[in-house]
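What follows draws every value from the coordinates through simple rules; no lab data is involved. Please read these numbers as outputs of a predicted model, since none were measured by experiment. Positions of Cβ are generated from backbone atoms using ideal geometry, with glycine treated the same way; all protein chains shown enter the neighbour counts.
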Amino acid sequence: MKRSLWLLMLFLLAGHVPAASADSACEGRFVNPITDICWSCIFPLSLGSIKVSQGKVPDTANPSMPIQICPAPPPLFRRIGLAIGYWEPMALTDVTRSPGCMVNLGFSLPAFGKTAQGNGEKGR
């Protein structure tokens, strides 16, 4: 009984690794989609040629009809959709000098034998 209790305590404590043991060269934090993304930047919003909301940037040219018929692969051949215009946040740039450091995710990837790392020389 005592042995199983000790094993249980050892197992529970093994999962608690202090944060200082993490890679100190890789500092960052996970992106908060509520506060870190400029949600007001998606405007103006339009449905076809109808302005739903105004914004600071110019709107893209949309078809005049909000309901569109688009080609689709068989067996459907056609599908019905909406022509919606908005500015989409499409990219997140992660810049680092440490290989494997994912700054926007807040951690480093493990170095699996340093595969896919070059040495600055041209391949043969």
Next on the checklist: What do you get for chymotrypsin sites (Phe, Trp or Tyr not before Pro) in segment 68-110 restricted to DSSP loop and a cutoff of at most 10 other Cβ within 10 Å of the site's Cβ?
Outcome noted: F77
Checklist entry - Projected onto the charge dipole of segment 24-108 (+1 at Lys/Arg Cβ, -1 at Asp/Glu Cβ, origin at the Cα centre), which of S40, A83, C26 gives the Cα projection farthest towards the positive end? => result A83
Checklist entry - So for the pair L76, S40, with labels modelled 7 Å out along Cα→Cβ, what separation do we get in nm? => result 3.7 nm
Item to check | Loop-resident sites, segment 29-97, for trypsin sites (Lys or Arg not before Pro), counting at most 15 other Cβ within 10 Å (DSSP) | outcome: R29, K56, R97
